[in-house]
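Beneath this line is the structure, given in structure tokens, with notes to follow.
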Amino acid sequence: MLADVEPLDVDGERVLLVVHDRLADGTKAPNSLLSVVREADVSDRAAWLTVVPHSETVRVDGVMVTRTHVALAVRRETTPRVLVAPLDGLRTVLAAPAPASSADDDGGAASAGALAWSEPAFDEELYTCRLAPVSQDSPFLRLTYVSWTRASASAGLRVMRSAAPTAKRE
């Protein structure tokens, strides 16, 4: 099942970030994975490169792109969370040589390490965090933060290249 597609331009080339539930060999991946593919190659399943491989413990729900970062909606330990990585990592993934194909190939998961994913830090343990819509040209992410112990809030997230993302409650 195709769950989410986020088109974007990387160095003048149209690419698609795709959240889906099938490995390259057709094996089901019930917690989904994130792949990147050049738009011109979308019908060639072998051209899809895995950015976030399937995991038994983390479900990939969706993806969003801003001017500088890729944000991933995930569920870990049953709670919604957000992971953030610099957009520049996609250039590394797209520039990497194509992986050798094999029966258990997951679509180039070796390229998955090119993105340095981090989770915004909050000052408590019991909360959920979800992506909220923003323009793809925005330097900000917009998050919806729900505490299990305090009043709910929205958080604007300015993601800096040199530091892990931090969120400020509004």
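The values are calculated or read from the model by the stated rules, or taken from the named source; none is laboratory data. Given the structure is predicted, the values throughout are model-derived calculations rather than measurements. All Cβ positions, even for glycine, are placed from backbone atoms using ideal geometry, and neighbour counts span all protein chains on display. Heavy atoms of the whole protein, side chains included, go into the accessibility calculation; ligands, DNA and RNA do not. Shrake-Rupley method; radii C 1.70, N 1.55, O 1.52, S 1.80 Å.
For the reader, a short list of remarks on this structure follows.
- When ALA24, ALA71 are screened for being surrounded by 21 or more Cβ atoms within 10 Å (Cβ to Cβ), assigned to a loop (DSSP other than H, G, I, E, B) and in contact (Cβ under 8 Å) with a residue 12 or more places away in the chain, only ALA24 passes.
- Strands (runs of 3 or more DSSP E) fully within region 86-170 counting 1 or more residues that are within 14 Å of the chain's Cα centre (by Cα) and modelled with pLDDT of 80 or more: 127-132, 140-147
- Residues being at pLDDT below 95, assigned to a strand (DSSP E or B) and within 16 Å of ASP88 (Cα to Cα) - total across region 11-21: 1
- The one condition from (1) part of a strand (DSSP E or B); (2) touching a Lys or Arg at 6+ places or on another chain (Cβ under 7 Å); (3) open to solvent by less than 50 Å² (accessible area, probe 1.4 Å) that LEU8 does not meet is (2).
- A search for C-beta distances below 7 Å between a residue of region 34-45 that is within 21 Å of GLY89 (Cβ to Cβ) and any residue that is of a type in the set (Gly, Ala, Ser) and surrounded by 13 or more Cβ atoms within 10 Å (Cβ to Cβ), counting only pairs 6+ apart in sequence or on different chains, returns SER35/GLY107; VAL37/ALA47; ARG38/ALA47; ASP41/ALA47.
- Region 34-63, residues that are outside any strand (DSSP E or B) and aliphatic (A, V, I, L, M): ALA40, VAL42, ALA46, ALA47
- Pair list, Cβ under 7 Å, 6 or more apart: region 122-134 residue in contact (Cβ under 8 Å) with a residue 40 or more places away in the chain, other residue open to solvent by 40 Å² or more (accessible area, probe 1.4 Å) and assigned to a loop (DSSP other than H, G, I, E, B): TYR127/TRP148
- Test: residue in region 46-68 that is open to solvent by 50 Å² or more (accessible area, probe 1.4 Å) and under 10 Å from the mean Cα position of the chain (by Cα): yes
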